[in-house]
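Below is one structure, written out as structure tokens; comments come after it.
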Amino acid sequence: MRRRTPVAGLALAVLAGMTATLAATAAGAAPAAAPVTAAAPALLAAAPDIAVTNIQAHLTQLNTIATNNGGTRRAGSAGYTASVGYVKGKLQAAGYTVTEQYCSNCTYPGNNLIAEWPQGPADQVVMFGAHLDSVSAGPGINDNGSGSAALLENALVLAQQNPSMTKRVRFAWWNGEEQGLQGSKFYVNSLTAAQKGYLKGYYNFDMVASPNGGYFINRVTSTTAAPLKAYWDSLSLQPEENVEGQGRSDDYSFQNAGIPTSGYAAGASATKTSAQASKWGGTAGAAYDGCYHRSCDTTSNINATVLNRSADGVAYAIWQLAVGGTPTNDFSVAVSPTSGSVARGASTTATVSTTTTSGSAQPVSLSATGAPSGVTVSFSPSSVTSGGSATMTASASSTATTGTFTITVTGTGTATRSATYSLTVTGTGGCAGGQLIGNSSFESGSTPWTASSGVITNSTSQAARTGSYKAWLDGYGSTHTDTLSQPVSIPAGCSSYTLSFWLHIDTAETTTSTAYDRLTVQVGTTTLATYSNLHAASGYAQRTFNLAGYAGQTVTLKFTGVEDSSLQTSFVVDDVTLQAS
């Protein structure tokens, strides 16, 4: 929270009289726990419990950031930049749409951090914000690491639970609050009239863990404040209006733009009254936060009880305002690129991607409609788990109907979702190409492959790259030979012939110089490549070869794995394609 400073033209002239001198108080003077009334269980059931230990872990990180950067997280400092990086990393990993907005006219130019949970209607937004900067004098763990960390943990829990949403939830961490609410003013001024209209409420959290704290709500009797007040009422806390904070934190930027506001606070340098100490505990006659804007505002300056009640009240408000029951499993389908061209006798490919949009991942079967006469559309693999992708191949015969056609790609799971692809078939060409390898991902049994026993498998001991099946050669740790082969007719007249396969090599060999176990890849009698235990690596690597020299021939593609007498090496092959185009 920024200090009170005289502001010309404001009706709130009372702000001018606030002193900058802070009286020290005992950090251990915590408010007494208030009894939980019978109404609390029903309210608690509506939202998840936010673990205060997780919030304290975020505060520890912010404190360490300040310690490593001159004892401060002031806007424009390395400590502030590192704070933004810490919060941003957590949000991105959780699946938020995260943007940094550069406040060019802030006293210390720097970034606001905006994170939006990508569910719910985009024109119905509730926003929760806290300033992330501290003053120069200290690390700002109560002011305002407490609000920042409480919102961060709420955001992470929302993502983890992934409920269905009736409104969109947006979180913000502001730059330059201590210099006069500069970051939030910049953000509000950047919004169009329509974007301001989308905001159904802004909730601010500035100093929500003061060691001698109280329970204050901005505009406590307003409709906007109702969910925050309902939660604290359920704990019999008897919250009061946040008189000390009026016009002093980022909610004021939104209030001035006509956006409904509220928020929690636990108090700053003002003095706790006897009546407040009687109902909340703590020390009467002492400041709510004796370390306000001082170097002692560290992790020792936190009241965990007040912090916990504030964070849980935020969760209750989110669930009351924006969450709509048990999520339905759903997904989306997209094709990239969205259009392509193919000549008669040739083929073209695109990638079909699926995304889980709510609930849990699910199996999705892929199909296509709208292809003209003479064009076939296939998918490899033909079924994915939402979040996965497949290769779509459109192959045109030498007599295919020419023109431009809309192909509808459909994913079928618990719901049916689709995307469109524009395919242009031209009358030129003559390459009877396409994807020439049959059963390229091994998902359809063994045909047309010929393989040693057990090579084509869905064993979970070695993961497939896509789908469930792959070809696993060797891996016995004893003298052994496995083979895998398929005859391929390679047409003449194409401009390119690309053999591709994905290979994962796993080994127990420890040598860095001797190739004990080998995989040989051949086309006909020609060896394309030899791999060994020396090529072992985590994950799959794609291998590609130009087979233009075999145009017009029928040849056999063959993989041969030879293992010596001890220490296994596994050669795992998946997604084998030979694309003629």
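Just so you know, all these numbers are worked out from the coordinates, no wet-lab data involved. Quick caveat, the model's predicted, so the values are computed rather than measured. A quick note on method: Cβ atoms are made from the backbone with ideal geometry, for glycine too, and the neighbour counts reach across all protein chains shown.
Here are some notes:
- Prolate/oblate/rounded call for segment 128-269, Cα gyration tensor, a/c under 1.5 rounded: rounded
- Per-residue HN-Hα couplings for segment 517-529 [Karplus 6.51, -1.76, 1.60; θ = phi - 60°; Hz; x = Gly/Pro]: 10, 9, 10, 10, 10, 10, 10, x, 9, 9, 7, 7, 6
- The value given for segment 33-166 is a Kirkwood hydrodynamic radius of 16.2 Å, derived from the mean inverse Cα-Cα separation.
- Protection-proxy order for peptides 563-573, 171-181, each taking the mean of Cβ atoms within 10 Å per residue, highest first: 171-181, 563-573
- Between amide H atoms placed 1.01 Å from N, distances below 5 Å from residue 364 occur with 384, 385, 386, all of them 5 or more places distant or on a separate chain.
- Taking a ≥ b ≥ c as the square roots of the eigenvalues of the alpha carbon gyration tensor, segment 258-297 is oblate, as a/c is not under 1.5 and a/b does not beat b/c.
- At 1.002 mPa s and 20 °C, Stokes diffusion of segment 487-578 via Kirkwood alpha-carbon radius, µm² per second: 150 µm²/s
- Shape category assigned to segment 106-196 from the gyration tensor of Cα positions, a/c cut at 1.5: oblate
- Summing Cβ point charges (Lys, Arg +1; Asp, Glu -1) relative to the Cα centre of the chain gives a dipole of roughly 1120 debye.
- The dipole here belongs to segment 165-213: it is taken about the Cα centre, uses +1 on the Cβ of Lys and Arg and -1 on the Cβ of Asp and Glu, and is about 400 debye.
- When +1 charges are put on Lys and Arg Cβ atoms and -1 charges on Asp and Glu Cβ atoms, the dipole computed for segment 226-309 relative to its Cα centre reaches about 180 debye.
- The H on the amide N of residue 129, modeled in the peptide plane, is under 5 Å from the matching H of 172, 203, 204, 205, each at least 5 residues off or on a different chain.
- Normalising the average separation of contacting C-alpha pairs (under 8 angstrom, six or more residues apart) by the number of residues puts the relative contact order of segment 280-367 at 25 percent.
- Among 246-252, 224-230, the peptide with the highest mean count of other Cβ atoms within 10 Å heads the list, and the full ranking is 246-252, 224-230.
- For segment 472-486, backbone phi angles converted through the Karplus equation (6.51, -1.76, 1.60; θ = phi - 60°) give residue-by-residue couplings of 10, 9, 6, x, 8, x, 8, 4, 7, 10, 10, 10, 8, 8, 7 Hz, Gly and Pro being listed as x.
- Derived scalar couplings ³J(HN,Hα) [segment 197-212; Karplus, 6.51 cos²θ - 1.76 cosθ + 1.60; whole Hz; x for Gly, Pro]: x, 5, 7, 8, x, 10, 10, 10, 9, 10, 6, 10, 8, 4, x, 10
- Taking segment 373-467 and dividing mean pair separation by its residue count, relative contact order in percent (alpha carbons under 8 Å, at least six apart): 23 percent
- Its relative contact order, with pairs defined as Cα atoms under 8 Å and 6+ residues apart, puts the chain at 12 percent.
- Under a 5 Å amide H cut-off, with hydrogens placed 1.01 Å from N, residue 165 pairs with 120, 324 among residues at least 5 apart or on other chains.
- Calculated [θ] (222 nm, deg cm²/dmol) that DSSP helices of n ≥ 4 give over the chain, each run adding -39,500 (n - 2.57): -5500 deg cm²/dmol
- Highest-first packing order for the peptide set 105-112, 396-403, 125-132 is 125-132, 105-112, 396-403, based on the mean count of other beta carbon atoms within 10 Å.
- Enclosing the Cα atoms of segment 391-460 in their convex hull gives a volume equal to 135 cubic angstrom per residue.
- Exceeding the 20 Å Cα-Cα cut-off - candidates 185/272; 90/229; 88/167; 167/200: 185/272; 90/229; 88/167
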